[in-house]
Structures are given as structure tokens and as C-alpha cells.
Amino acid sequence: MAFWRWPIIGLRLLAMLVALAVSLPLYYLAAPFTAQNPIPRAFLYALATISGVRIRRRGQRSRGRAFFLANHVSWLDIPALASATGTAFVAHDGLAAIGPLRWLCDLNDTVFIARHDRRSIAFQIEQVRTALNEIGALTIFPEGTTSDGLELLPFKSALLSALDADAEHIPIQPVLLDYGKETGNIAWVGAEPGLANALRIFARVRPITLTVTFLPPLTGRERTNRKTSANAARQAIATAMTSARKQ
């Protein structure tokens, strides 16, 4: 990495620390007075902005409670989508082992699950169902990991069982996250360490435009069961992805 990029990285990290220092006392001051604390959303918006992301929204976000299914390209997806929707996330429990990260995730009501423990699926579904009732908006990345952003990985459907029973009133809404021509430069794939990816993004000079497209919520037969929901959401995102490339 060119030496002149390190000051850019340093300035961005300093700005993030300032945003955190300002947000934390505000979070605890607001906590007794609101069930849906707005400070994590504001902090994540600041994090995305400091990282160079400029968010464009298309389509209509479902009002009230919603279950979002989005493609996954980068760790930037999380602060960007949270700032655009106020959503919490379902995350792999490996993140919970990293103390400071676990603490920050908890502030945004992250639901941690053991994705590779098939014995705990029923408990995971109950976790998601409880979170939907208590938090309101929840997002999963059904690919299970980040991709190159050019093709969708298969969607895992197990957690969609949380909406099988008594949850027809909660919209299931596919969301396309599109970094446009910068997708290949932003994607976190392969064996690239997370720190290396973050530093590479922080060192950028040009802004990153992320288009968040809210696609129509699933309806009727698309919600017959968890597998039909996963397939319908994947098809909707894939179609929107193809359309975006032609523009």
C-alpha cells in the first residue's frame, strides 16, 4: 500500500473513535426513555459515511416490523443497511467471541446463532421469532457469507421457519445491495483477512456508492414455506441484480 494512503486511514479511524465516543453516552442517556434506541442507527450511519459510503435508496421499505433478506458483499453492508432501515441483524456466533465487537453488536440488538450446530436449529428459530417481536426489523444474509457480488450463492432457508407460524403479518422483503462498478473492489471474498479488507477500503480516496433497493415483499405462494420464500427472495434479488448491471 502506498505510504500516502496511511494518513487517510488514520483520519478515518480517528473519526470513527470520535463518533463512538459521542454515541456511547448518548445511547445510555436515551436508553431509559425509548424501546428502540436511535443512537446505534446514527452511529452506524456515521461509520458508513466515514468509510466513504454514499447510500442511495430505491423502492419502498416495508413499514413497521419487517424481515429483510439481502445479498452479502462486504462488512459495509451492515452499517449501510442498518442506517437505511434501523434493522438489527442475525450474525454467526463466532463474532460473539470478540469482546469489543460483541459489545457493539449487542447495542444494535444483534441475534447471535450457531449456524453450524444443526442440533440448535429449533432454538435459533425461536431466537429469531423473539427478536422480530421485540426489535421489529431484522435482517439475515441467507447466503451465509459474503460473495463476489456478481453472482448469488445458494440461500439457506432454515431461519425462515421463524415466520411459518403466526407471522403472516410480518413482511418478508428482499433487498438488493449494489455497489455498481466498484463491486469487485469492495467485495470481501476468498482468504482475504478482514483487517486487510478494512484497511484497503479505508485507504480509498473515491467515495463508494451503494444502492439499497427494496424489492416488493413476498406474497401468496411465495410464502408457502421457508424453502419457497428463500427461492422467491433469491430470484427477486437475482433479477434485480441483472437489471442493475444493464443500466
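The values are calculated or read from the model by the stated rules, or taken from the named source; none is laboratory data. Note that the structure is a prediction, hence the values are computed from the model and not measured. Accessible surface areas use protein heavy atoms only, side chains included; no ligands, DNA or RNA. Shrake-Rupley method; radii C 1.70, N 1.55, O 1.52, S 1.80 Å.
Structure data summary
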| quantity | calculated |
| --- | --- |
| Among (1) 16.8, 54; (2) 17.9, 57; (3) 20.0, 60, the entry that matches Rg and Dmax of the Cα atoms in Å as calculated here | (2) |
| Surface per residue (accessible, 1.4 Å probe) for the chain, Å² | 52 |
| Reachable lysines from K181, criterion Cα separation under 25 angstrom, eight or more residues apart if same chain | K246 |
| Cut-off under 5 Å, modelled amide H: who pairs with A137 long-range | A66, A88 |
| Global size of the stretch 190-247 as Cα Rg and Dmax, reported in angstrom | 16.9, 47 |
| Mean shadow area of the stretch 1-103 over all directions, Cα convex hull, nm² | 8.6 |
| Within straight-line cross-link reach of K156, lysines at Cα separation under 18 Å, skipping those fewer than 8 residues along the same chain | K227 |
| Rounded to 10°, Cα long-axis angle of helix 121-134 versus longest principal axis of the chain | 80 |
| Top of T224, T183, T139 by mean-square fluctuation, Gaussian network on the chain, Cα under 10 Å | T224 |
| Under 5 Å, built H, 5+ apart or other chain: amide partners of G59 | F214 |
| Shape parameters for the stretch 120-213, alpha-carbon atoms, Rg then Dmax in Å | 16.5, 48 |
| Potential extension, A31-R5 segment - 0.36 nm per residue separation minus Cα distance | 5.5 nm |
| Sum of -39500 (n - 2.57) over DSSP H runs of 4+, divided by residues of the chain (222 nm, nearest 500) | -13000 deg cm²/dmol |
| Three-way shape call for the stretch 25-81 based on the alpha-carbon gyration tensor, with the a/c threshold at 1.5 | oblate |
| Heavy-atom accessible surface of the chain: percent carbon and sulfur, 1.4 Å | 61 |
| The stretch 1-73-the stretch 139-191 distance, computed between alpha-carbon centres (Å) | 20 |
| Computed accessible area, V18, all protein chains, 1.4 angstrom probe, square angstrom | 80 |
